[in-house]
1. Give the cross-link partners of Lys95 among the lysines, using a straight C-alpha distance below 18 Å as the criterion and excluding same-chain residues fewer than 8 apart.
2. Using C-alpha positions alone, give me the convex hull volume of the range 78-154 per residue in cubic angstrom.
3. Over the heavy atoms of Lys105, what accessible area does a 1.4 Å probe trace out, to the nearest 10 Å²?
Amino acid sequence: MSINIAIAHEHTIIRRGVMSMIMNAPALPSDSFSRPEIKVTGDTASPSGLMSLLTEQTIDILFLGFSLATTPGPNPISGMDGVLLIKWLNRKYPKLKMIVLSPYKNTQLIRMTLEAGAKAYISRDTCEKTLSRTLSSVINDEVYIERELMNALFQNNNQASRELSPREIDVLRMMCQGLNLTQIAQQMNLSNKTVSAHKLRAMEKLNVSNDCQLYCVLAKTQAFDIAI
């Protein structure tokens, strides 16, 4: 299994830093079904460069700077930035998994970014361990928001959180810590199936049907007060 990664960010130092962390990050968790070969196949600071990367090769995961400058020009993403660019990329390349690099920690912006189609939202000063967790989650088709940003999503208490069972809250809390379902199962000494059932029941109570909707609802309502 080979994973092709591209990096699109306006700052060279961030592109080089992300590239270095990808190549030197801790190995992906052993719960991955197979050890993928991860390759950074290109990087760019411009929208035209991004279009070239996407049309000339198959990109599986894109690290995308939220503020990538898209000035007026002939390419189809001219004038787009942030959420609009993510929406367009999600429609044009539905198999592309986007990890957004952002300096912003606004919960409304996180919600909008996930709704637009991003699979992960992390800050520009993330560490290698967090980046490794992010990649593992995204490769396994899971949504990921790093711990510090997730804390902002779990600030207030409301009726929805009170209806959740202790087990369901534990699962959400560990998701907030960046763990995937297999890692949560190991920590709780439960089977993957049981942990998945707790998560699904929590999602039913919150009236959501997938991970992206779950994080979007939490970001929109700031529903939980979970100590991390």
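1. Within the straight-line cut-off, Lys95 pairs with Lys39, Lys87, Lys119.
2. Expressed per residue, the convex hull around the Cα atoms of the range 78-154 is 92 Å³.
3. 100
The values are calculated or read from the model by the stated rules, or taken from the named source; none is laboratory data. Everything quoted here is computed from the prediction, not taken from an experiment. Just so you know, the surface numbers come from the protein's heavy atoms only, side chains and all, with ligands and any DNA or RNA stripped out. Shrake-Rupley method; radii C 1.70, N 1.55, O 1.52, S 1.80 Å.
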